[in-house]
Every structure is written in C-alpha cells, then in structure tokens.
Amino acid sequence: QVQLVESGGGLVQAGGSLRLSCAASGRTLSAYVMGWFRQAPGKEREFVAAIVWSGGPTNYAESVKGRFIISRDNRENTVDLQMNSLKPEDTAAYYCAAKRGLAPWGIHGYDYWGQGTQVTVSS
C-alpha cells in the first residue's frame, strides 16, 4: 500500500503562485510514477502532471505547460507541484496519485490517491 497526503492548497489571486506537496509513505517508490490530477466542480477529474519517482522525464497537460513544475524530493519522500501564473480556471481540488511504472506518459492506471487539497484562484 502507498499512502499519499496532500498539503499546500489555499486561496490565491490570479497571477499568483502556490506550491502543493504530496507526502508519500508505505512502500519504496523507486518504480512508481507520481501524478497530480485536479477536479473542478461539475467537471471530470483531469490529469495535470506526472514524474517518475526515480527521476527522468516529466509530463504535463497542455493547459499547465510553462506554468506548473512537478518535482520530487527523495530525501523527504515528497512530490511537489509548483504552480505559477495561476488562473481562475485552475480552481479545483488537486489530488496526488501513484502507480507502478517507469514512464510518465499514460494518464490512466493510478492505483493510489490522496484525499485532495483545494486550490481557489480569484480573479
């Protein structure tokens, strides 16, 4: 089992920044892909970004490319999402997720999910 706990959400004005963090525990994550997803009210959950825990390539949704950066800290066992130039349409509950794998390209197949953290961007 993998346990994931998100933190760092909040209220920010458009153009501002937030940093989300996902603390992972329970298993050695060297062969896992870590992802961030989000779900706005009345909408489907959508992929945001992913990274291979052991390092290597990252993958981003087109809507966040150039604004969001996903990274991991092996020492702290966290996966962070730095969100810059935030827009009102980024408002959503953000979820951390994990799946076995060595490539961040597929957006399906995530087995483990956190409880989510709310991000609200005001205009």
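What follows is calculated from the coordinates using simple rules that are stated; it is not laboratory data. A quick note: this is a predicted structure, and the numbers were derived from the prediction, not measured. Glycine gets a Cβ as well: all are built from the backbone with ideal geometry, and neighbour counts include every protein chain shown.
Note on the chain: with charges restricted to the Cβ of Lys and Arg (+1) and Asp and Glu (-1), its dipole about the Cα centre is near 140 debye.
Once Rg and the Kirkwood radius are both taken over the C-alpha atoms of the chain, their ratio Rg/Rh works out to 0.94.
Summarising the strand pairing of the chain, around 90 percent of its internal DSSP beta bridges are antiparallel. In order along segment 99-104, phi translates into HN-Hα couplings of 8, 5, x, 10, 9, x Hz, rounded to whole numbers, per the Karplus curve 6.51 cos²θ - 1.76 cosθ + 1.60 with θ = phi - 60° and x for Gly and Pro. Residues whose amide H falls under 5 Å from that of residue 86, counting only those 5 or more places apart or on a different chain, are 15, 16, with hydrogens built in the peptide plane. Taking Lys and Arg as +1 and Asp and Glu as -1, the other residues whose beta-carbon sits under 14 Å from that of residue 37 total -1. Grab the other residues whose beta carbon is less than 14 angstrom from that of residue 7, score K and R as +1, D and E as -1, and report the net. Once positives and negatives cancel, what remains is -3. Ranking 10, 114, 101 by Cα position along the charge dipole of the chain, where only Lys, Arg, Asp and Glu carry charges on their C-beta atoms, puts 101 farthest toward the positive end.
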